[in-house]
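Every number in this text was worked out from the coordinates using simple rules, so none of it is lab data. Note that the structure is predicted; figures quoted are calculated from it, not measured. Cβ coordinates were reconstructed from backbone atoms using ideal geometry, including for glycine residues, and neighbour counts include every protein chain displayed.
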Amino acid sequence: MSEILKTEAIVLTKINYSDSSKIVTLFSEKLGKVTLIVKGGRNKNSKTGIIVDPMNIINVVIYNKSGRDVQLLSSADLVSLFSNIRSDYNKLKYGFAILELINGQYLHEEPNPRLYLGIKKIFERLNSFEEEPQIVFLRFFLFFLKELGFDISVATCPLCNSDLPGNKFYGFVYSRGIICSNCAEKGNGLELSTELFDLYNCLKFKKTVNFNKLTIDLIQSQLIRFLQHHSIGFNELKSLNG
Ligand SMILES: [Zn+2]
């Protein structure tokens, strides 16, 4: 059985395959994460081969045939190429980190329109000049952790269920996230200042964040370590090195 499928998607990766083709991984609106072959994609005159580039949003036509390992991407049209991201090294670095984060996690091959919309919106935000690229990246990181089922709550302590807001200080455990002062005093986890707690709160609820490189970097390394605890095989985000 074969069918023609159409969906919008963001390109995560593109690699050469054989002398003439390319293999691409997309996160699509209607099919979730898919890997496809672009026949003739290495040809310099292949429009599809050029359009299907990491970070681009595209409309694709997929020729789906049962029994085939990798399905065929038969054509693509460009929706957005995020030119402001591509011309700014700092934006580009965090843009690739977002793609790496998505591509590095196991995602079911099934539609997840909310996640797709979240990804698309975060790239639109990164492409605008509303906010520091690193802040945009951390907002996405927290949203993505929630989508993966590893939410870091700023409402209740995961160990005792008491309310988190209003504590004099907090703790952070890599297996559970932010904990209350009572649980932290019992020797659980690292101490987390109210400043950092407020920052988590702002990042999660899209409130304005005062950019302080030191605290922002601290949250970033905390989130990476948190994901390392929850995701087998996840080590680092290479895009952020160097
Ligand atoms: Zn607690």
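What is the gain in length, in nm to one decimal, between His229 and Asp88 on full extension, counting 0.36 nm per residue of separation less the C-alpha to C-alpha distance?
47.6 nm
Could you work out [θ]222 nm for the chain from helices alone, using -39500 (n - 2.57) per DSSP H run of at least four and dividing by all its residues? Round to the nearest 500 deg cm²/dmol.
Using -39500 (n - 2.57) per qualifying helix, the result is -11500 deg cm²/dmol.
Using only the Cα atoms of the stretch 81-203, what are the Rg and Dmax in Å?
That works out to 16.6, 51 Å for Rg and Dmax.
Would you kindly state the longest site-free stretch of the chain, with sites defined as chymotrypsin sites (Phe, Trp or Tyr not before Pro) in a DSSP loop (not H, G, I, E, B) surrounded by at most 11 other Cβ atoms within 10 Å?
Result, exposed sites excluded: 1-105.
If the limit is 31 Å between Cα atoms, which of Lys47/Lys120; Lys33/Lys168; Lys6/Lys204 go over it?
Where the Cα-Cα span goes over 31 Å, the pairs concerned are Lys33/Lys168; Lys6/Lys204.
So what's the gap between the Cα centers of the stretch 1-74 and the stretch 183-242, to the nearest angstrom?
35
How much length would be gained if the chain were fully extended between Cys160 and Leu5, taking 0.36 nm per residue of separation minus their Cα-Cα distance, in nm to one decimal?
Additional length available on full extension: 51.0 nm.
Report, largest value first, the span of the C-alpha coordinates of the stretch 2-80 along each principal axis, in whole Å.
30, 28, 17
Per residue and in Å³, how big is the convex hull formed by the alpha-carbon atoms of the chain?
Considering the Cα atoms of the chain, their hull volume per residue is 141 Å³.
If I model a spin label as a point 7 Å beyond the Cα along the Cα-Cβ vector, how far apart are those points for Leu218 and Ser18 in nm?
5.4
Go through the stretch 176-242 and name the GluC sites (Glu not before Pro) that are in a DSSP coil and have 16 or fewer other Cβ atoms within 10 Å of their Cβ.
Glu236
Give, rounded to the nearest 20 debye, the magnitude of the charge dipole that the chain has about its Cα centre when Lys and Arg contribute +1 at Cβ and Asp and Glu contribute -1 at Cβ.
Dipole about the Cα centre, nearest 20: 560 debye.
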